[in-house]
Amino acid sequence: MGKSKKNIDQVFKMQMRNYTQAAPEDAWENIEQVLNKKNNSRIISLYKIAATVAAFAIVGSGLFYLSNNSNIIDNSQVIVQNDIQKETSSSISNSIEEKVVAVIDKDLNKNDSNVNRIELTPKKESVQTVKAGDAKLIADERNLNKEEQKLNKLLQKQILISTKNIELAIVDSRKQNINSYLNTLPEIYSFYAHNETIEIEKTKKNKWFVGGEFTPLYSYRNITETQGVYNKDFYNSSESPIMSYTGGLNIQYKAISRLTIQAGVYYSTMGQSLDYLSVYANSAYDMVADEYKDRLINSYSIENSSGDLSFNSSHVIIDEKSARINNHTDGKRVADVKNPIFNELDAEIQQSFQYVEVPVIFRYTLIDKNIDLNIIGGFGANFLVGNDVYINYAGNKEVIGETNGVSPINYNGTLGIGIEYPLMENINIRLEPSIKYYLNELNSTSPIESHPYSIGIYTGINYSF
């Protein structure tokens, strides 16, 4: 039995010695695919290396260009961008490698069973082998072309995405930093933008102003020298200031952002009051006929710090302090004021000088906000248009004469500070406390050198255009 078993093997070997079995039709194709995949895997590895190097080169050159044209990016942002480049290039190579390996693994897994089955079959060289070799070369070339196209698409797509991401990161970081800073101070930013708009509008529109002013004045004089009978203290004790007024129109031009030049025409009054003078009304003047009234008119002169006053009046005036009053009427004596025909009046004698003033004022803005603070300085020419001496009693103002020797032109200097506030669009209200001092003496013929001055809060409204 054992012998027969050995013989059976020999029988099979002898009988099947010349037996051949054709390989299945798809066997050589599967072998070719396996061989192609192995060769392609080597080629793909080379492509992966080349693609990685190209990616690094492209991304590096792009970042070098961006760094040379973006001076505002600080060192910390550059470091962040370098990290982004490394991560991007790494992700490109990893993504390519994973996709290619996945394709190869998929094909290899699909054909594993065929490979194992084919290797059990003996290889034969025949005409089919030659044909299979040609098909192998064609298939290799096609597969290489396909894989190359895939790699190019992957590389282009990935590089395009990474470049876009880098650009967005740069822009977003700048915008985010600016917006985050502005959001911390929303009210200040809005206030600054609003004030900047207002300032631009002021610069464009508010070049010219027209307006008017009116103010009551505290009016008096400053005695610098005396050469007469009485000294400076005597006049200061026997005279007192009065309330006068001024008003007029002006036009202004803003020469530069903070400097305004003003010119205009004003009507102003100056003067003083004479003290220690008693005034009596003569009742006889009203009782006699008109042809006899002239006999009751007195001609007086009064010496004071502004010059000599001369006037005619039916009133009787008595100096209670000294002999300042002279009665120039012929044959007249000092009246007996105890006589019942004389009635003492609660009156005062005042001097008044009226001027037309043409000032030139320079106004410099110290604080330019909603409420402006200005410093004021300038000069003006004053032309005398009125010179009166009057008696003021019981609400009546009776002109009785004038002051002799008053200069027809006087020049003054002005100094003050002003506040300006907008009432409505293009209309501003102005308050300017100022002092005005007359530079030359009031009366050049008087032995007393007297300089008038006035103090007032000039109040006015201006319209800008």
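The values are calculated or read from the model by the stated rules, or taken from the named source; none is laboratory data. Small disclaimer: the values here were computed from a predicted structure and weren't measured. Don't worry about glycine lacking a Cβ; one is built from the backbone with ideal geometry, like all the others, and counts go over all protein chains shown.
Looking at the stretch 217-242 only, could you name the residues that are part of a strand (DSSP E or B) and surrounded by 12 or more Cβ atoms within 10 Å (Cβ to Cβ)?
Result: LEU217, TYR218, SER219, TYR220, ARG221, ASN222, ILE223, THR226, GLU239, SER240, ILE242.
Restricting to the stretch 393-406, what's the tally of residues that are surrounded by fewer than 15 Cβ atoms within 10 Å (Cβ to Cβ) and not aliphatic (A, V, I, L, M)?
Final tally of qualifying residues: 5.
Within the stretch 407-464, take every residue that is of a type in the set (Asp, Glu) and farther than 30 Å from ASN387 by Cα and give me the one that is surrounded by the most Cβ atoms within 10 Å (Cβ to Cβ).
The residue in question is GLU420.
Just checking, does the stretch 281-304 include any residue being surrounded by 14 or more Cβ atoms within 10 Å (Cβ to Cβ), under 30 Å from GLN227 (Cα atoms), over 60 Å from the mean Cα position of the chain (by Cα) and of a type in the set (Val, Ile, Thr)?
yes
From the residues in the stretch 427-465 that are in a strand (DSSP E or B) and β-branched (Val, Ile, Thr), which one is farthest from ASN250 (Cα to Cα)?
Filtering first and then ranking leaves ILE448.
From the list LYS254, LYS293, LYS232, exactly one residue is of a type in the set (Lys, Arg) and within 30 Å of GLU420 (Cβ to Cβ). Which is it?
Checking each option against the conditions leaves just LYS254.
Considering only the stretch 310-369, state which residues are among the aliphatic types (A, V, I, L, M) and either modelled with pLDDT under 85 or in a loop (DSSP other than H, G, I, E, B) (or both).
Answer for the stretch 310-369, where residues must be among the aliphatic types (A, V, I, L, M) and either modelled with pLDDT under 85 or in a loop (DSSP other than H, G, I, E, B) (or both): ALA323, VAL334, ALA335, VAL337, ILE341.
Listed residues ASN382, ASN370; which is surrounded by fewer than 18 Cβ atoms within 10 Å (Cβ to Cβ) and in the same structural domain as ILE261 (by TED's automatic domain parsing)?
Of ASN382, ASN370, the one residue that is surrounded by fewer than 18 Cβ atoms within 10 Å (Cβ to Cβ) and in the same structural domain as ILE261 (by TED's automatic domain parsing) is ASN370.
Kindly provide the set of residues from the stretch 271-301 that are without any contact (Cβ under 8 Å) to a residue 24 or more places away in the chain and either out of contact with any helix residue (DSSP H, G or I) (no Cβ under 7 Å at 6 or more places or on another chain) or among the aliphatic types (A, V, I, L, M) (or both), ordered by number.
ASP286, MET287, VAL288, ALA289, ASP290, GLU291, TYR292, ASP294, ARG295, LEU296
Check whether at least one residue in the stretch 311-333 is closer than 21 Å to ASP388 by Cβ, in contact (Cβ under 8 Å) with a residue 12 or more places away in the chain and within 60 Å of the chain's Cα centre (by Cα), and report yes or no.
Checking the stretch 311-333: not a single residue is closer than 21 Å to ASP388 by Cβ, in contact (Cβ under 8 Å) with a residue 12 or more places away in the chain and within 60 Å of the chain's Cα centre (by Cα).
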